[in-house]
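What follows is one structure encoded as structure tokens, with my remarks underneath.
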Amino acid sequence: MSINARQIFVNLPVRNLQKSKSFFTEVGFTFNEQFEDESATCMVVNETIYVMLLEEDRYTSFTKKEIPDTNTHSEAIVALSLDSREEVDEVVNRAFAAGAGSYNEPQDHGFMYGWSFADIDGHLWEFFHMDMAAAEAEAKTQQ
């Protein structure tokens, strides 16, 4: 049996919900206010991918584990593919303008280009573009 999930909801703890919502709005995301209250909001990535931003107290109601200090620890890297290198640069530059921290310099692997940032709560985000034709060509040369 293989898993065929229809949607993904990533849950992230945030220190200040309104500041995080404002930050991600500036980056270019929208929100589904149907799933929003004073301690949570639903950020729309696309029609099947969502990020639940949960104030820390709300987040800890779902787990007995501590929230890691994102200044020294990483719990995940959220990686999202985009349609072009230019779009990657545009999104990451908007994040920097909104207050994101630098995480990695742009990385160009020929067939794949990516750039990363740390959001205002220290969560790591990577945006990348993969040229599938170039990836297939590179894979053939390595065989």
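Which Cα, out of V27, N46, L82, lies furthest along the positive dipole direction of the chain (beta carbon charges, K/R +1, D/E -1)? It is N46, whose Cα lies furthest towards the positive end. Take the Kirkwood radius over Cα pairs of the stretch 81-121, plug it into Stokes-Einstein at 25 °C and 0.890 mPa s, and you get 233 µm²/s for translational diffusion.
With all protein chains in place and a 1.4 Å probe, the accessible surface of the chain carries 49 percent carbon and sulfur.
Here the chain is treated with +1 on each Lys and Arg Cβ and -1 on each Asp and Glu Cβ, and its dipole about the Cα centre works out to around 340 debye.
Helix 85-98 axis versus longest C-alpha principal axis of the chain: approximately 30°, rounded to the nearest ten.
Treating the angle as unsigned and between 0 and 90°, give the value, to the nearest 10°, between the Cα long axis of helix 132-141 and the longest Cα principal axis of the chain. That works out to roughly 50 degrees. In degrees from 0 to 90, rounded to the nearest 10, what is the angle of the helix 17-27 Cα long axis to the longest principal axis of the chain? Tilt relative to the chain: about 30 degrees. Surface exposure of the chain, expressed per residue as accessible area with a 1.4 Å probe, stands at 64 Å².
Segment I3..N104, full-extension length gain: 33.1 nm, with 0.36 nm per residue of separation and the alpha-carbon distance subtracted.
Extension gain, D57-N11: 0.36 nm per intervening residue step, less the Cα-Cα distance, totals 15.3 nm. The base-10 log of I(q)/I(0) for the stretch 9-65, evaluated at q = 0.12, 0.14, 0.19 Å⁻¹, reads -0.24, -0.33, -0.60 [Debye formula, identical scatterers on Cα atoms, solvent excluded].
Under conditions of 20 °C and 1.002 mPa s, the chain yields 130 µm² s⁻¹ as its translational diffusion coefficient, taking Rh as the Kirkwood radius over Cα pairs in the Stokes-Einstein equation.
Per residue, the chain reaches -8000 deg cm²/dmol at 222 nm when only DSSP H runs of four or more residues are counted, each adding -39500 (n - 2.57). All C-alpha pair distances within the stretch 40-81, sorted into 10 Å bins from zero, spread as 22, 48, 29, 2 percent across the bins.
The values are calculated or read from the model by the stated rules, or taken from the named source; none is laboratory data. What you are looking at is a predicted structure, and each value in this text was computed from that prediction instead of being measured. Here Cβ is always computed from backbone atoms with ideal geometry, including for glycine, and neighbour counts include all displayed protein chains. The protein model used for the area step is the full one, side chains on, heavy atoms only, and it has no ligands, DNA or RNA in it. Shrake-Rupley method; radii C 1.70, N 1.55, O 1.52, S 1.80 Å.
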